[in-house]
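The values are calculated or read from the model by the stated rules, or taken from the named source; none is laboratory data. The model shown is predicted, which means the values in this text are computed figures rather than measured ones. Ideal geometry is used to build each Cβ from the backbone, glycine not excepted, and the neighbour counts take in all protein chains shown.
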Amino acid sequence: MADKSNEITAIPALLELLDMAGCIITIDPIGTQTAIASQISHAQADYILVLKGNHPTLYGQVKNWFEQQLSHRFEGTLHSYYQRVERGHHRTEKRSCWCVTLSQLPTLHHQNDWVGLQCVIMVIRVRHLWNKTTREVQFYLTSLSCNAERVAQAIRLHWGIENSRHWTLDVTWNEDACRVRTGHGSQNLARRCDAWLLML
């Protein structure tokens, strides 16, 4: 990103450079913006956008609705469900994904502003480690049709990038702890790390 810029302005500029037609674009919460959803849809691509507290009204609606449905085991609600269990590195992780079309929900806050929006998604990740169990709930907006397995696989691929690439920068290269702040030093180091990752 350029100085005095941020990801909200950088993401649309990056997307302009890509041939996205037929692709699934996954973006972290900072990119969950109606303008970005519109840009992706108009490029004949699909999106999966993380829904968090930066859209408090919409997030609250979706969270409350899914909590109610969970308590009633989605009885009478048309939905798609997919579950996967993975074991490795001394842990077991179960990921459950529910995908529901908009027609099953009450009208969402500014629903029509999300171009192409078809479904909302809830993913619950439960990790059993040797000394503790963690549970994470995440919500998403997507322009994809209601297919929980396909959506879950795309979300998993997104986290694969986070885990394999960003973890390497943060831990192996210790980028977050780097104190280089003089001149262009930090930018030069970041470019060097990015070039190294591209060679992997």
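Yes or no: Ser145 polar (S, T, N, Q) and within 21 Å of Asp46 (Cα to Cα)? It is true that Ser145 is polar (S, T, N, Q) and within 21 Å of Asp46 (Cα to Cα). Within segment 66-100, the set of residues being free of Cβ contacts under 8 Å to residues at least 12 places away in the same chain and β-branched (Val, Ile, Thr) comprises Val85 only. In segment 106-118, is there at least one residue being in contact (Cβ under 8 Å) with a residue 24 or more places away in the chain, assigned to a strand (DSSP E or B) and either closer than 27 Å to Gly22 by Cα or of a type in the set (Lys, Arg) (or both)? No, that holds for no residue. What do you reckon, is Arg95 modelled with pLDDT of 95 or more, touching a Lys or Arg at 6+ places or on another chain (Cβ under 7 Å) and surrounded by 15 or more Cβ atoms within 10 Å (Cβ to Cβ)? For Arg95, the condition - modelled with pLDDT of 95 or more, touching a Lys or Arg at 6+ places or on another chain (Cβ under 7 Å) and surrounded by 15 or more Cβ atoms within 10 Å (Cβ to Cβ) - is met. Tell me which residues, restricted to segment 40-92, are within 11 Å of Phe139 (Cβ to Cβ) and part of a loop (DSSP other than H, G, I, E, B). Passing the criteria: Lys52, Gly53, His55. Here the condition is being within 17 Å of the chain's Cα centre (by Cα), among the aromatic types (Phe, Trp, Tyr) and over 20 Å from Arg156 (Cα atoms); of Tyr59, Tyr47, it holds for Tyr59 alone. Could you tell me whether any residue of segment 109-117 is loosely packed, with under 14 Cβ neighbours inside 10 Å and either basic (Lys, Arg) or touching a Pro at 6+ places or on another chain (Cβ under 7 Å) (or both)? No; the residues of segment 109-117 include none that is loosely packed, with under 14 Cβ neighbours inside 10 Å and either basic (Lys, Arg) or touching a Pro at 6+ places or on another chain (Cβ under 7 Å) (or both). Among all positions in segment 75-87, there is no residue which is within 18 Å of the chain's Cα centre (by Cα), over 23 Å from Arg156 (Cα atoms) and surrounded by 13 or more Cβ atoms within 10 Å (Cβ to Cβ).
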